[in-house]
Amino acid sequence: MTGQALDLDRVSKIYGAGGAKPVRAVDRLDMDVRAGEIVALLGSSGCGKTSTLRMIAGFEAVSEGSIRLGGREIHRLAPAKRGVAMAFEGYSLYPPLTVRENIAFALKAEKASPAEVDRRVAEIADLLDIGPILDRYPSGLSGGQQQRASLGRALIRRAALHLLDEPMGQLEPQLRTLLRGRIKFFVKEHGLTAILVTHDQTEANALADRIAVMEGGRLQQFDTPAALRDRPANMFTGTFIGEPPMNVFPASAALSDGRLRLSLPEETALDYPQAAFAPEVREAILRRGRVTLGVRPHAVRLDPAGAPAVVLANQWLGDQTHVAARFAGGVLVTVEHERARVAEGDGVGVAFAPEDLHVFDAETGDAISHGRLLA
Ligand SMILES: Nc1ncnc2c1ncn2[C@@H]1O[C@H](COP(=O)(O)OP(=O)(O)OP(=O)(O)O)[C@@H](O)[C@H]1O
Ligand SMILES: [Mg+2]
């Protein structure tokens with residue numbers, strides 16, 4: 001295995017430190033990436049993803065904290081001494097070199113034989129479908145072609161760590177889907193450690209062993225795709241991960257006639273038998289009193305016996321239907337697998353199974369429970 005373990009220990013990036021308006025772009029980031037693991041960095045624009053990668057690669061100084069790669073402290077080393085290969089957000093190929101020369105150039109430091117260079121360039125060209133453009137110059141290439149050449153230049157190296165900053169942002173959806181499968185196989189086959197920045201949740205889910213969700217320079221949650229979906233640590237990850245986003249409603253919880261009643265705005269009430277919740281979950285919810293309820297669109301059931309809602313829109317997407325409905329003073333979105341036979345203005349009932357309810361603290365946004373489990 002070539003890939004090494006990476007350990008970020010309370011790493012911060014402060015731009016313009018000491019100036020009038022310092023920007024804390026990355027704030028005490030703790031993250032451990034295992035050898036051979038693929039981690040996706042996911043977060044909205046400006047949350048600090050590129051800054052994090054640039055500090056690891058050595059193109060930006062670390063303001064606070066330390067970085068270890070394969071047990072070795074690297075954050076004071078020159079970029080070339082770190083054993084890190086990076087594909088940049090804005091591809092940066094060498095204009096006087098052809099695509100083949102750009103990619104092969106990355107192997108200079110490895111002192112590979114000409115036959116080895118040819119073999120590996122051919123492997124990368126197959127991987128990224130860039131065989132036909134190998135002998136062309138960057139200036140004559142489309143954005144997507146330049147991006148794949150740049151990705152190839154990073155992936156060809158047997159580095160201790162690969163950093164890929166939005167490596168497929170310029171590609172059309174079909175090609176992205178094809179390449180993400182191939183890239184995952186390639187990374188695993190060669191035992192590489194990789195951090196991938198993406199805006200695309202599907203890509204993060206499909207490629208990554210774990211996903212680090214960032215917001216405002218802070219790590220919100222670092223978990224497997226399944227855990228992010230089933231056990232979001234707070235309202236931010238709950239509503240950020242998942243398409244369409246999780247529905248959320250304010251609620252107050254009380255016991256009424258032996259049932260757990262969740263009262264929502266506009267006199268909407270959800271009643272559950274006490275036994276539907278484990279005692280410790282029930283107690284945690286009742287202790288808070290005021291909570292925020294979250295339910296994923298896929299988990300909402302249209303049920304005539306459910307709480308009343310009025311359909312606002314019915315969108316058939318070709319393989320599923322999104323139904324938006326006015327509910328409890330807000331908007332509730334449901335996903336139906338078949339065409340839902342409801343139209344704007346129809347009154348419907350909606351129901352949520354207790355195991356699909358995410359409950360968050362109304363003040364802090366921290367998760368209290370997920371279905372039958374305490375957070
Ligand atoms: N050289 C710089 N000087 C000052 N501020 C900077 C600098 N580079 C980035 N920033 C600021 O740091 C924050 C994080 O930027 P960064 O490029 O890391 O975000 P990002 O998550 O990669 O965003 P995107 O998804 O748009 O690429 C932003 O507020 C940005 O404006
Ligand atoms: Mg960026």
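For this structure, a couple of remarks:
- Check on Tyr91, under 19 Å from Val197 (Cα atoms) and in contact (Cβ under 8 Å) with a residue 12 or more places away in the chain: yes
- The test for being hydroxyl-bearing (Ser, Thr, Tyr) and under 29 Å from the mean Cα position of the chain (by Cα) holds for Ser92.
- When Arg261, Arg296, Arg287 are screened for being within 34 Å of the chain's Cα centre (by Cα) and free of Cβ contacts under 8 Å to residues at least 60 places away in the same chain, only Arg287 passes.
- For Arg158, the conditions (1) surrounded by fewer than 21 Cβ atoms within 10 Å (Cβ to Cβ); (2) over 29 Å from the mean Cα position of the chain (by Cα) all hold with the exception of (2).
- Going through (1) more than 16 Å from ligand 2 (Cβ to nearest atom); (2) at pLDDT below 95; (3) acidic (Asp, Glu) one by one, Glu89 falls short only on (1).
- Residues in the range 59-85 that are β-branched (Val, Ile, Thr) and touching a residue at least 40 places away in the same chain (Cβ under 8 Å) were compared, and the one that is surrounded by the most Cβ atoms within 10 Å (Cβ to Cβ) is Val84.
- Restricting the range 1-23 to residues that are more than 16 Å from ligand 2 (Cβ to nearest atom) and assigned to a strand (DSSP E or B) leaves a set whose member that is nearest to Leu161 (Cα to Cα) is Leu6.
- Odd one out for Arg119, checked against (1) modelled with pLDDT under 95; (2) more than 16 Å from ligand 1 (Cβ to nearest atom); (3) not acidic (Asp, Glu): (1)
- Check on Asp209, within 16 Å of ligand 2 (Cβ to nearest atom), over 30 Å from Ile285 (Cβ atoms) and surrounded by fewer than 20 Cβ atoms within 10 Å (Cβ to Cβ): no
- Residue in the range 34-47 that is more than 18 Å from the chain's Cα centre (by Cα), under 24 Å from Leu228 (Cβ atoms), in contact (Cβ under 8 Å) with a residue 60 or more places away in the chain and within 16 Å of ligand 1 (Cβ to nearest atom) present: no
The values are calculated or read from the model by the stated rules, or taken from the named source; none is laboratory data. Quick caveat: nothing in here was measured; it's all calculated off a predicted structure. With ideal geometry, Cβ positions are generated from the backbone for all residues, glycine too; neighbour counts draw on all protein chains shown.
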